[in-house]
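Engineer: Pasting a structure here, questions to come.
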Amino acid sequence: MKVAFIVLTIFFSNHMYGQKSFDSEVVTPVETTSFEFDKTYVDLGKVTKGEKKIFSYEMRNTGKDNIEIDYLDYCACTEVDYPERKILKPGESMVFNVTFDSTTKDEEETIEIAMELKNVDPKSGLRYYLTLDYHFIIVK
């Protein structure tokens with residue numbers, strides 16, 4: 001009985017006098033990954049079936065961390081030329097040259113270029129996922 005009383009006394013005295021465990025510490029995540037694009041949407045307007053259109057997007061690292069692209073995903077009608085495996089250092093820019101081939105398209109559409117970075121958003125704990133879009137109207 002004495003042992004139980006001593007254990008309870010120690011437990012309550014530690015909690016009553018405001019001692020905190022490490023679990024109760026609040027840590028605010030610091031966001032050091034930041035980037036911007038010159039544009040995220042391109043309107044190609046009217047495109048003749050079979051025609052190829054070339055355009056680009058530019059990404060700039062405006063943060064303090066290096067940026068690494070894990071992958072890009074896009075339609076078979078699209079080719080994206082960019083420096084693969086390049087680490088984008090703070091202050092640097094990277095250009096994504098896009099070629100759209102309308103040969104297989106028959107109607108108006110918006111195409112998405114999906115990009116996932118290796119960098120993790122400290123707020124969500126997930127990797128950054130971005131989309132760049134372009135739109136066209138097919139003219140036969």
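Engineer: Taking θ = phi - 60°, what integer Hz values does the Karplus form 6.51 cos²θ - 1.76 cosθ + 1.60 yield along the stretch 72-77, in sequence order, with x for Gly and Pro?
Structural biologist: 10, 9, 7, 4, 5, 7
Engineer: When the convex hull of the C-alpha atoms of the stretch 55-140 is computed, what volume per residue in Å³ does it have?
Structural biologist: Each residue corresponds to 98 Å³ of Cα convex hull volume.
Engineer: Roughly how many debye, to the nearest 20, is the charge dipole of the stretch 35-139 about its Cα centre, given +1 on each Lys and Arg Cβ, -1 on each Asp and Glu Cβ, and no other charges?
Structural biologist: 340 debye
Engineer: Show me, for the stretch 42-52, the HN-Hα J-couplings you get by feeding each phi into the Karplus relation (A = 6.51, B = -1.76, C = 1.60, θ = phi - 60°), rounded to Hz, glycine and proline as x.
Structural biologist: Karplus-based 3J(HN,Hα) across the stretch 42-52 equals 10, 9, 7, x, 7, 10, 6, 3, x, 7, 10 Hz.
Engineer: If you plug each phi of the stretch 107-112 into the Karplus form 6.51 cos²θ - 1.76 cosθ + 1.60 with θ = phi - 60°, what whole-Hz ³J(HN,Hα) values come out, in order, with x for Gly and Pro?
Structural biologist: Whole-Hz 3J(HN,Hα) from phi for the stretch 107-112: 8, 4, 7, 10, 9, 10.
Engineer: May I pose another question? Sorted by mean Cβ packing within 10 Å, highest first, what order do the peptides 93-102, 117-126 take?
Structural biologist: On the way: 93-102: 16.6, 117-126: 12.8.
Highest-to-lowest ranking by the protection proxy: 93-102, 117-126.
Engineer: Give the long-range amide H neighbours of Ser34: residues separated by 5 or more places, or on another chain, with amide H under 5 Å away, using H modelled in the peptide plane at 1.01 Å from N.
Structural biologist: It is Thr62, Gly63, Lys64, Asp65, by chain and number.
Engineer: Where the centre of each part is set by its Cα atoms, how far does the stretch 122-140 sit from the stretch 28-107, in angstrom?
Structural biologist: A separation of 9 Å, based on Cα centres.
FYI, it's all coordinate maths here, none of it is from the lab. Remember, it's a predicted structure, so these values are computed and weren't measured experimentally. Here the Cβ is made from the backbone with ideal geometry for all residues, glycine too, and neighbour counts use every protein chain on show.
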